[in-house]
Amino acid sequence: MADEDRTRADSRSGDRSSDLPTHRATADITGQTRSTLRRLARARRRRRWVVEGVVVLACLVALVSYLGTRSEPETPDDQATRPGGVPAGVTRPTALPNAEGRASETGPASPGLRPRQRPPSPDPTPSVSASIPPPAAGPALSVSQAEVPAEVNLTAVGTRDWMHWGLRGGSSTARKRGGSGEIIDGGGPGRRVAWDGNQETVRWSDGTPERSASGSPNGVYTCGAGNGFSLAVAGSGEPRTVQLYAGTWMARGLLEARLSTGGPTSTMRLEDPYTSRSAVFTIRFRLPKGARLVLTWTVEKVFTEHCGNVGLQAVAVR
């Protein structure tokens, strides 16, 4: 029994001594694994930073290249090389008016009179307000120009008289009911064509033969250099103010104002070579009874082969 007990004790002692090296080896392996994992993690982070830096640098290079291409605006010479010499997106008529005074139904939309979002003109002709200082109680004349409001109330601005064109076709007119009759339509060279696409609209509540109208975009235009409109306003001996609502499409329009009694002619121009433009011309004058203010609104220059024109919506007197 004593020998058996010693044998068991020696066996247990041997087991414990054999376990000690095993635990040390496991600890060494675990430490080495953790150190390796940390090195791998640091290496992955460095690679990720390098990749992100390359991506950011590539984006900066692309942005600088894009801004370089955008910093050189297109010149008028570049625009002139496009088909037809007209920038893309600009509508224009491709047919002259037919016998009924309307544009051909087979062509695109006729020109409009939109004054906003226009590119600068490459051939500007500055307009300068002209004024003739009069002697006391003598004839007087001055001309100025401004942008047309989105809507014009002819009843309000034409307290003495007003006239509108194009509501029912190229030859139709509407006038102030019971007005002074001071506005005279003298015709003018070129065929008048009705147009219902003006961005600025007019309304009235005291008209004839149309008693009232609201939000009308109608007007008339005539194509070609030298063509246009001739109007007159009778003098009364008192100061009068005339407002002429007109526009151009791919043309330069020339307004000439003169007094039938003589004296210098006041001129003003409006142009846009690329699309349409509109304005309200304000003419202030004083003339004796029997004399007239004479206005001509004509195409001075065209910038397209397809119906460069001047347009007319209305005239009001107060």
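The values are calculated or read from the model by the stated rules, or taken from the named source; none is laboratory data. Small disclaimer: the values here were computed from a predicted structure and weren't measured. Note that we place each Cβ from the backbone using ideal geometry, even for glycine, and neighbour counts take in every protein chain shown.
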List the number of the failed condition for G263; all other conditions in (1) farther than 23 Å from V310 by Cβ; (2) at pLDDT 95 or above; (3) out of contact with any helix residue (DSSP H, G or I) (no Cβ under 7 Å at 6 or more places or on another chain) hold.
(2)
If you check D161 against the conditions, is it farther than 15 Å from A246 by Cβ, loosely packed, with under 14 Cβ neighbours inside 10 Å and modelled with pLDDT of 50 or more?
no
In region 134-150, is there at least one residue being more than 15 Å from T282 (Cβ to Cβ), among the polar types (S, T, N, Q) and at pLDDT 50 or above?
no
Would you confirm whether any residue within region 228-246 is free of Cβ contacts under 8 Å to residues at least 60 places away in the same chain, among the hydroxyl-bearing types (S, T, Y) and touching a His at 6+ places or on another chain (Cβ under 9 Å)?
no
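Here's the yes/no breakdown for (1) surrounded by 21 or more Cβ atoms within 10 Å (Cβ to Cβ); (2) within 26 Å of S216 (Cβ to Cβ); (3) out of contact with any helix residue (DSSP H, G or I) (no Cβ under 7 Å at 6 or more places or on another chain):
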{"position": "T267", "(1), (2), (3)": "no, no, yes"}
{"position": "L270", "(1), (2), (3)": "yes, yes, yes"}
{"position": "T282", "(1), (2), (3)": "no, yes, yes"}
{"position": "K289", "(1), (2), (3)": "no, no, yes"}
{"position": "T298", "(1), (2), (3)": "yes, yes, yes"}
{"position": "R318", "(1), (2), (3)": "no, yes, no"}
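Per-residue answers, yes or no, for (1) surrounded by fewer than 21 Cβ atoms within 10 Å (Cβ to Cβ); (2) out of contact with any Pro (no Cβ under 6 Å at 6 or more places or on another chain); (3) of a type in the set (S, T, N, Q):
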{"position": "R168", "(1), (2), (3)": "yes, yes, no"}
{"position": "I183", "(1), (2), (3)": "no, yes, no"}
{"position": "A194", "(1), (2), (3)": "no, yes, no"}
{"position": "A213", "(1), (2), (3)": "yes, yes, no"}
{"position": "S216", "(1), (2), (3)": "no, yes, yes"}
{"position": "R240", "(1), (2), (3)": "no, yes, no"}
Look at V302 and say whether it is within 19 Å of R192 (Cα to Cα) and out of contact with any helix residue (DSSP H, G or I) (no Cβ under 7 Å at 6 or more places or on another chain).
yes
